[in-house]
Amino acid sequence: MQNLSSDGVHVAALYLYPVKGCGAVRVPELSLDRWGGAEGDRRWAVVNAEGEVTWQGAFPRLALVQPRAVDGALQLEAPGHARFVVDEGGLQPCTFQIWNEPAAKLDRFDGHDAGDAAGAWLSAVVGAPLRLVRMGDEAVGRGAANRLHIVSRASCDEAQAQVHRAGGAATELLRYRPNIVLDGPVSALQPFAEDFLLSMQWHDEASGDGALEVGRRCVRCVVPNVSPSSGEADERVLAALAQLSAQRFPGEPVCFGVYGQGRRGARLREGQAVSLAFSF
C-alpha cells in the first residue's frame, strides 16, 4: 500500500445529481449522509410508463433536464421549455420499480409522485410518457457502497485523447457523471490511478476530518456516449473507454472511475487537499 499525503492531490470539482439520470449541479461542498453518499444526490428519479426507474440509455434527452434547488424547492429546466417548479406539497404516495442487476429482477419501492404537471413537463422534453418520483429512504439507501463516483481529471483527459484519436469531438467530463473529481501532479495521480484507490482522507479546519472507502471499479454502460449539452449520443466515447479498459483489465467489463462510501456527517469541499491510499 502507498500513502500520498502532501503531494498536491486535491478535489478539483464536486457534483450532485438531484434527479437520477438528469443533469449535474456543480457544488462547492458535499455533505455526506447516513448512507455515505452526498446529501441531495439522486433523491429523485424519472419513471417510465411501466413504472420503472429509467435512464439516459433509454432516453438520451434526459441529459437536457437540468435540476436546481432554489429556496428548498426543486426546479427543472430544459432548452426550449419553461422552467418547472415542483410542488412538493402536492406529492402523492406511489410505488415504482428499480432493476436489481445482481438478482436480475425488478425490486419494488415506495415513493412520492410529483404529479401530472411534472410528468407532462418531462414527457414534453423527452418525447415519451414519464413521471417524476421522489424516492423513499429504502430506495435511496440501496447499494450504499456505490454512493460516490470518483474520477481523476487525468483519466478524463486520457479518455478524451482516445476519443480524439478515433475521430470524435471534444467530450465533456460530465459524460462520466462523477460526484468527485480529483486532480494533482502526474507524479502523484497518473491516469487511471483511481483503479487502485483504497481510501481517501482529508482534514479541514472548519469541518474536521473526513474519509471514504473505495468499494469497486465503476462498470460502464452506454451513458458516457450521451452529450450532457446536446442529448445526442456518440458511440465512439464508450468504444474509447472500452479500448482503454481492455489495456488495463483484459477480458473484464469496461471500467472507468470507482465507487466510494464516505463517513457519515463528513464534509468535502472543492479545493480540499486529500490523502490517498492505493493497493499498489
Positions within the range 200-231 being closer than 27 Å to ALA277 by Cβ and in a loop (DSSP other than H, G, I, E, B), in sequence order: GLU205, ALA206, SER207, ARG220
Where ASN146 falls short, out of the listed (1) in contact with a helix residue (DSSP H, G or I) (Cβ under 8 Å, 6 or more places away or on another chain); (2) modelled with pLDDT under 95: (1)
Flag for ALA239 being surrounded by fewer than 19 Cβ atoms within 10 Å (Cβ to Cβ), in contact (Cβ under 8 Å) with a residue 12 or more places away in the chain and over 18 Å from ALA24 (Cβ atoms): yes
Criterion: surrounded by fewer than 16 Cβ atoms within 10 Å (Cβ to Cβ), at positive phi and in contact (Cβ under 8 Å) with a residue 60 or more places away in the chain - qualifying residue of GLY167, GLY231: GLY167
Residue within the range 255-266 that is surrounded by fewer than 16 Cβ atoms within 10 Å (Cβ to Cβ) and aliphatic (A, V, I, L, M) present: no
Residue within the range 190-201 that is in the same structural domain as ALA273 (by TED's automatic domain parsing), surrounded by fewer than 22 Cβ atoms within 10 Å (Cβ to Cβ) and more than 20 Å from the chain's Cα centre (by Cα) present: yes
Sole residue being over 26 Å from GLU101 (Cα atoms), buried (at least 16 other Cβ atoms within 10 Å of the Cβ), touching a strand residue (DSSP E or B) at 6+ places or on another chain (Cβ under 7 Å) and in contact (Cβ under 8 Å) with a residue 12 or more places away in the chain, chosen from ARG147, ARG134, ARG153, ARG177: ARG153
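Suppose we filter SER229, SER279, SER245 for residues that are of a type in the set (S, T, N, Q) and within 18 Å of the chain's Cα centre (by Cα); which single one remains?
Exactly one residue qualifies, and that residue is SER229.
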Members of the range 2-31 that are on the phi > 0 side of the Ramachandran plot and either modelled with pLDDT of 95 or more or outside the structural domain of ASN179 (by TED's automatic domain parsing) (or both): GLY21
Per-region count, the range 41-73, residues in contact with a Ser or Thr (Cβ under 9 Å, 6 or more places away or on another chain) and either closer than 22 Å to VAL226 by Cα or at pLDDT below 95 (or both): 8
Extreme residue, farthest from ALA38 (Cα to Cα), among residues of the range 212-226 that are surrounded by fewer than 20 Cβ atoms within 10 Å (Cβ to Cβ) and touching a Leu at 6+ places or on another chain (Cβ under 9 Å): VAL222
Tabulated pairs, the range 43-69, first assigned by TED's automatic domain parsing to the domain that holds LEU132 and at positive phi, second surrounded by fewer than 23 Cβ atoms within 10 Å (Cβ to Cβ) and not hydrophobic (A, V, I, L, M, F, W, C), C-beta under 7 angstrom, 6+ apart or interchain: GLY51/GLN97
Qualifying residue in the range 243-252 (condition: touching a strand residue (DSSP E or B) at 6+ places or on another chain (Cβ under 7 Å), assigned to a loop (DSSP other than H, G, I, E, B), more than 24 Å from CYS22 (Cα to Cα) and of a type in the set (Phe, Trp, Tyr)): yes
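The values are calculated or read from the model by the stated rules, or taken from the named source; none is laboratory data. Since the model is a prediction, treat every value here as computed from it, not as a measurement. Every residue, glycine as well, gets a Cβ built from its backbone with ideal geometry; the counts of neighbours run over all protein chains shown.
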